[in-house]
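Here's the structure, in C-alpha cells; my notes come after.
The values are calculated or read from the model by the stated rules, or taken from the named source; none is laboratory data. Computed from a prediction, not measured in an experiment: that's the story for all the values here. Neighbour counts run over all protein chains shown; Cβ positions are idealised from the backbone, glycine included.
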Amino acid sequence: MSPAWTVELLKVRRSPVARTAFGAMAVIAAFFSVGAALLAARGTAEGSLAGAKVAAMVEGVGWSAVSGAFGQIVSVLWLLGTGVIAAWSCGREYSDRTLGQLLALPTPSSRIAAAKLGSVMLASSTAAVGAALLTLVGGVVAGMGLPGSGDLQTLGTGVLAGVAGAWLALPFAWVATVGRGYLPAVGALLGIVMVSQVVVLLGGGSWFPWAVPSLLVGAGGAEAAADVSGLGVALVVSVGAAAWASTVRTWSRLQLD
Amino acid sequence: MTTLEARGLVRRFGEVTAVDGVDLDVAAGQVHALVGLNGSGKTTLLRMLAGVLRPDAGVLRLRSGAEPSGAVIGHLIDVPAAYAELTVEQNLSSAALLRAVPRALVPRAVSRAATALGIADLLTRRAGGLSLGNRQRLGLAAALVHDPQLLVLDEPTNGLDPAGVLVVRRLVVERARTAGCAVLVSSHHLDELARIADRITVLHRGRVVGRLDPRTPDLEVQLFAMAARADGIDVTAELGRPAPARKPEARS
C-alpha cells in the first residue's frame, strides 16, 4: 500500500468523527429498516396510527418491507454522512492547520488527495455492507426468519444505493478544499439535499444525480423508479468522477498562502 | 551536502508585497538565522524556501552534492502539525512515510527523532492530549524524522520550557555541525540566535536590509536601528549610539 493510502486510511480509522458517523449510519439504517417493517405490519394488523403512516412509506411485509426501507434510508443517509466525512477529510487540513506538512513532500499532494477520497469511499462502502449485515441480524432477531434470495438482492441494491450516495458526496471534498475548511462544504451539502427535494417535487428527479439513487430504490414509488433514465445514472457516475478529478487537480496546485 | 540559493524572490498578496526581491544563501553545515520585526515577511519567505508557497518571481535552487535519501527538506513553519486522533508514534510514522522513509526503516527513524526531542516516553499518547510544548517537540521531530539535508524552522522554540529550548539549541547545532545540514531558522529571541547562528540576516518590509554579526553585543539594538534606518528614521539619539552602517548591497 502506498504511503498516502496508509496514512489516510489510518486517519479515517482513528478519527472519532468518522467512527461515530459511519457507526451511527449503520445502526440507524438497520434500526429504521427493521423498525419500519415491524411498524407497518402492526399498522396493517392492529390499526396503529404510526404503523399506518409507515405502511404508506414501505411496500410489502416482512423481509420485503425491510429490504425496501433499507434502500430508501441508505440512499439519503450515505449522501449526508459521507458528505460530512469527505468534507472533513479535506477541510480539516485547513482548520487543524496541518496542510503545510502535506505539501512539498516526496509524496505528491495530488496522491494524498486521491488517497483521502479513496479512504472515505472505502470506509463508507464498508459501513454500507455493515449496515446490511446489521439489518439481517436485526430482522432475524425480530422474528422474521431468514430472508429469501429476492430480499437479499434488494438489500444488495440498497448497499449499491449507499455506495452511489457516497460517490455523489465527493464534490463536497472539493468544496471543502476550495472553501478552505469543512463548513462551506457542509452548507453546500445541505443545499444540495434541499434542492433535490424541490427538483423531485417538480418532477425532475429522474435526471437530477443526487435524487437518482433514492428514486431507483423506490423512494418515489415504482413509477418514479422506472422513469429514471440512463442519462440520470450516467450523471451519477460523472458527478463523482468529475469531483474526484477536480479535487486531485486542486490539491496538486495547493500552496500555503 | 545541500545548499539553498534564493535569488530575487518576490511574493505578493493582492496589493501587499510581502517579500520583495530577496536573495539568500543557506550553506551546508551552517545555521543561518532570519530576523525581523512582526510583518517583515519572515514566514512568507520561509514558506517559499520550504517549497510550500510559490514565489511570484525569483529563482530557488537546491544544490545537492550527496544523494538525498527521501525528502531533502524538513520544515516546521507556523504551528506544529499534529493529528489529534493519532498517537505521537502514529504521527511520526505518518510523517516519515510521506517523506519517503523506507517502510522497514520507519520504526527506527521514529524512535531516533522522538528520542532526540525528548518525547520517547510519549509515543503511545494521543497528540490531542499533549501540552503546547510537547506538541512543538512533536512538530520538530516530524521535521527531522527523515534526516533532512535542509532544515527550515520558524520560531522553533515556541511554547518550549527552558529545558526544551536547550534541546532544540543543541539539536540545531548538532544537525548543522555534525550532519552537515543546512539550517535556516527564524526567531524573535536574538540572544538565542546569537548562541547558534553562523549568520544573521535582517528582513524588513519584505527586503533584506542588512546582516548582524552573532558575536557582537546588543543585537536587539542593532536590529531596531537597522529597521529604523531602512524606514528613513534616525534613532541615534534614542539608542544612544550610532546605528550600524547599512551595507552597500541591500540584499544578501
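Worth pointing out:
- Flag if A:Val199 is assigned to a helix (DSSP H, G or I), in contact with a Phe, Trp or Tyr (Cβ under 8 Å, 6 or more places away or on another chain) and over 30 Å from A:Leu102 (Cβ atoms): yes
- Test: residue in segment A:218-236 that is assigned to a helix (DSSP H, G or I) and β-branched (Val, Ile, Thr): yes
- Among the residues of segment A:13-42, just one is over 26 Å from A:Gly138 (Cβ atoms) and in a helix (DSSP H, G or I), namely A:Arg14.
- B:Val221 being modelled with pLDDT of 90 or more, of a type in the set (Val, Ile, Thr) and either surrounded by fewer than 23 Cβ atoms within 10 Å (Cβ to Cβ) or not assigned by TED's automatic domain parsing to the domain that holds B:Leu122 (or both): no
- Being touching a helix residue (DSSP H, G or I) at 6+ places or on another chain (Cβ under 8 Å) and either within 13 Å of another protein chain (Cβ to nearest Cβ) or modelled with pLDDT under 90 (or both) holds for only one residue in A:Ala114, A:Ala69, A:Ala86, and it is A:Ala69.
- Restricting segment B:66-118 to residues that are of a type in the set (A, V, I, L, M), more than 10 Å from every other protein chain (Cβ to nearest Cβ) and part of a loop (DSSP other than H, G, I, E, B) leaves a set whose member that is nearest to B:Val165 (Cα to Cα) is B:Leu117.
- Tallying residues that are within 10 Å of the chain's Cα centre (by Cα) and either surrounded by 22 or more Cβ atoms within 10 Å (Cβ to Cβ) or in contact (Cβ under 8 Å) with a residue 60 or more places away in the chain (or both) within segment A:152-169 yields 10.
- Residues in segment A:218-248 that are under 24 Å from A:Trp174 (Cα atoms), buried (at least 16 other Cβ atoms within 10 Å of the Cβ) and in contact (Cβ under 8 Å) with a residue 60 or more places away in the chain: A:Val236, A:Val239, A:Gly240, A:Ala243, A:Trp244, A:Ser246, A:Thr247, A:Val248.
- Reported count of residues in segment A:79-117, each being of a type in the set (Phe, Trp, Tyr) and under 26 Å from B:Asp147 (Cα atoms), is 0.
- Filter result for B:Leu45 (more than 23 Å from B:Leu223 (Cα to Cα), within 14 Å of chain A (Cβ to nearest Cβ) and not charged (D, E, K, R)): no
- Criterion violated by A:Asp96 - all others in (1) away from chain B (no Cβ under 14 Å); (2) surrounded by fewer than 23 Cβ atoms within 10 Å (Cβ to Cβ) satisfied: (1)
- Considering residues of segment B:10-39 that are of a type in the set (S, T, N, Q) and over 15 Å from the mean Cα position of the chain (by Cα) only, the residue farthest from the other protein chains (Cβ to nearest Cβ): B:Asn38
- Restricting segment B:119-155 to residues that are assigned to a loop (DSSP other than H, G, I, E, B) and aliphatic (A, V, I, L, M), the residue that is farthest from the other protein chains (Cβ to nearest Cβ): B:Ile119
- With respect to being of a type in the set (A, V, I, L, M, F, W, C), more than 18 Å from A:Val217 (Cα to Cα) and free of Cβ contacts under 8 Å to residues at least 60 places away in the same chain, A:Met121 fits the description.
- Subset of segment A:179-198 (residues that are over 19 Å from A:Ser246 (Cβ atoms) and either surrounded by fewer than 18 Cβ atoms within 10 Å (Cβ to Cβ) or touching a residue at least 24 places away in the same chain (Cβ under 8 Å) (or both)): A:Leu183, A:Leu190, A:Val193, A:Met194, A:Val195, A:Gln197, A:Val198
- Which listed residue, of A:Ala245, A:Ala225, is modelled with pLDDT of 95 or more and of a type in the set (A, V, I, L, M): A:Ala245
- Qualifying residue in segment A:249-257 (condition: over 17 Å from A:Val175 (Cα atoms) and within 14 Å of chain B (Cβ to nearest Cβ)): yes
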